[in-house]
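Undergrad: Would you mind keeping the following structure in view while I ask a few things?
The values are calculated or read from the model by the stated rules, or taken from the named source; none is laboratory data. Every value quoted in this text rests on a predicted model; they were computed, and no experiment measured them. As a convention, Cβ positions derive from the backbone with ideal geometry for all residues, glycine included, and neighbour counts pool all protein chains shown.
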Amino acid sequence: MKTTREQAKETVHKDLVNNLQGLLKKNYDAEKGFTKAMEDAKDSNLKRFLEQQARQRNKFATELDNEIRSLNEKPAEEGSTTGDIHRTWIDIKTAFTGKDDEAVLEECIRGEKASMEEYEETLNENRFPPKLQKTLNNQLSEIKGTVAKVKNLEDLAEKSN
């Protein structure tokens with residue numbers, strides 16, 4: 001029979017892994033979303049930016065995957081159903097708007113804001129080991145930077161229309 005302390009340690013471990021799995025799936029979703037947006041974008045600078053973002057999210061996923069493995073757990077291998085629904089929404093929306101870059105950017109902002117909220121919520125509601133806390137804060141900071149860049153690109157797209 002497990003002691004209360006052993007049970008508590010097990011619960012903390014399970015919560016830590018579940019939180020990391022959630023963020024890992026979010027990054028898989030974001031990577032796929034940026035790749036899809038890149039396919040839909042017309043402007044070559046926008047395509048390059050979206051490709052950079054997809055690579056960044058792949059890097060985040062790799063970091064989280066490594067953290068989960070270091071906890072002797074098996075990382076999730078794919079994103080969420082919600083991510084699939086979001087990409088389908090991008091497909092439908094871009095089909096009706098003629099795949100214009102502004103519509104693509106709107107969906108990127110929406111997806112990145114959702115990522116930002118999930119990171120902030122996860123960081124606020126949980127205590128992580130310092131090294132992991134730093135990794136997650138760095139990822140959040142980069143996501144916030146992406147939101148600002150996408151908003152700037154969206155403003156430029158609106159002005160050129």
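Undergrad: Counting only residues that are of a type outside the set (K, R) and part of a loop (DSSP other than H, G, I, E, B), which one in region 35-50 is nearest to the chain's Cα centre (by Cα)? Break it down stepwise before answering.
TA: At the first step, the residues of region 35-50 found to be of a type outside the set (K, R) are 35, 37-41, 43-46, 49-50.
Checking the rest, the ones that are also part of a loop (DSSP other than H, G, I, E, B) come to 41, 43.
Values: A41: 19, D43: 23 Å.
Looking at the filtered set, the residue picked out is A41.
Undergrad: Out of all the residues in region 2-34, which are part of a helix (DSSP H, G or I), of a type in the set (K, R) and surrounded by fewer than 23 Cβ atoms within 10 Å (Cβ to Cβ)?
TA: Hits for region 2-34 are R5, K9, K14, K25, K32.
Undergrad: So which of I68, I109 ends up being under 16 Å from the mean Cα position of the chain (by Cα) and either among the hydrophobic types (A, V, I, L, M, F, W, C) or modelled with pLDDT under 90 (or both)?
TA: Details: I68 fails: under 16 Å from the mean Cα position of the chain (by Cα).
Matching residue, one of I68, I109: I109.
Undergrad: Now a separate question. Just checking, how many residues over region 145-161 are at pLDDT below 65 and polar (S, T, N, Q)?
TA: Going through region 145-161 one residue at a time, the tally reaches 2.
Undergrad: Give region 99-153 a look and list any residue that's outside any helix (DSSP H, G or I) and closer than 19 Å to N66 by Cβ, or say none.
TA: So the first thing to find is which residues in region 99-153 are outside any helix (DSSP H, G or I), and the list is 99-100, 126-129.
Matches in region 99-153: N126, F128, P129.
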